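Undergrad: Structure provided below as structure tokens; questions to follow.
The values are calculated or read from the model by the stated rules, or taken from the named source; none is laboratory data. Predicted, not measured: the structure shown is a model, and the values here were computed from it. Note: ideal-geometry Cβ built from the backbone for every residue, glycine included; neighbour counts use all protein chains shown. Remember, those area values only see protein heavy atoms, side chains included, never the ligands or the DNA or RNA. Shrake-Rupley method; radii C 1.70, N 1.55, O 1.52, S 1.80 Å.
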Amino acid sequence: MGRKPLPKSRVQDAERKQAWAAELFEHFQAHGVRSLTMDQAAALLGVSKATLYTYFRSKEEILQAALAWKFQGIARFQVQLFNREIPYWERFTQAM
């Protein structure tokens, strides 16, 4: 029998969450999702774990934000992605 979690409000600073998600996306890409702990995420961002938890409930929520950030970036390249005058590999590289 443990203590019951208390409902916590999260900070809704979309710009900061997006910036942190983008920064952590690089780590996910290089090292995988499973290897990152919330302690490591906080250290990579230069904040305390408590501060990180005021923005995100879990590592899964950080991953969702990181993927959303990446998909938004890819969507901005939609015109280039479908431009058949540019070689495929170049289009793919620009999008990533």
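Undergrad: Okay, helix-only estimate at 222 nm for the chain: each DSSP H run of n ≥ 4 adds -39500 (n - 2.57), divide by all residues, round to 500 deg cm²/dmol; what do you get?
TA: Numbers: 6 runs with 63 residues, N = 96.
That comes out to -19500 deg cm²/dmol.
Undergrad: Using 0.36 nm per residue, how much length does the chain from residue 12 to residue 37 gain when fully extended, once their Cα-Cα distance is taken away? All intermediate terms of the calculation are to be shown ahead of the outcome.
TA: Details: separation 25, 0.36 × 25 = 9.00 nm, distance 2.21 nm.
Here the answer is 6.8 nm.
Undergrad: In nm, to one decimal, how far is the modelled label at residue 64 from the one at residue 30, with both set 7 Å along Cα→Cβ?
TA: Result for the modelled spin labels: 2.7 nm.
Undergrad: Work out how much length residue 19 to residue 83 would gain on full extension: take 0.36 nm times their residue separation and subtract the Cα-Cα distance, in nm to one decimal.
TA: On the way: separation 64, 0.36 × 64 = 23.04 nm, distance 2.93 nm.
Contour length minus Cα-Cα distance gives 20.1 nm.
Undergrad: Could you work out the longest stretch of the chain that avoids the trypsin sites (Lys or Arg not before Pro) located in DSSP loops with at most 13 other Cβ atoms within 10 Å?
TA: Values: sites that count: 3, 8, 10, 34, 57, 84.
The longest uninterrupted stretch comes out as 58-83.
Undergrad: Now, a different point. Among 73, 22, 63, which residue has its Cα furthest toward the positive end of the charge dipole of the chain, with +1 on Lys/Arg Cβ and -1 on Asp/Glu Cβ?
TA: With unit charges placed on the Cβ atoms, the residue in question is 63.
Undergrad: Taking each pair of different alpha-carbon atoms in the chain once, compute 1/r for the pair, average those values, and report the inverse of that mean as the Kirkwood hydrodynamic radius in Å to one decimal.
TA: Numbers: mean 1/r = 0.0659 Å⁻¹.
Roughly 15.2 Å, rounded to one decimal.
Undergrad: Taking the Cα centre of the chain as origin, work out the dipole magnitude from +1 charges on Lys and Arg Cβ and -1 charges on Asp and Glu Cβ, in debye rounded to 20.
TA: Details: 14 positive and 9 negative charges, 103 e Å.
Computed charge dipole of the chain: roughly 500 debye.
Undergrad: How far apart, in nanometres, would the label points at residue 44 and residue 92 be if each is projected 7 angstrom from Cα along the Cα-to-Cβ direction?
TA: 2.4
Undergrad: Sorted by accessible area with a 1.4 angstrom probe, largest first, how do 9, 48 fall? Walk me through the intermediate numbers first.
TA: Working: 9 105, 48 60 Å².
Most to least solvent-accessible, the answer reads 9, 48.
Undergrad: Something else about it: Any idea of the accessible area per residue across the chain, 1.4 Å probe, to the nearest Å²?
TA: Working: 7220 Å² over 96 residues.
That works out to 75 Å² per residue.
Undergrad: How much of the accessible area of segment 34-96, probe 1.4 Å, is carbon plus sulfur, in whole percent? Intermediate results must be reported in sequence, preceding the final value.
TA: Numbers: 2610 of 4420 Å².
Looking at segment 34-96 in its full context, I get 59 percent from C and S.
Undergrad: Straight distance only, please: which lysines reach the Cα of residue 8 with their own Cα at less than 19 Å, same-chain residues fewer than 8 apart left out?
TA: Within the straight-line cut-off, residue 8 pairs with 17, 49, 59.
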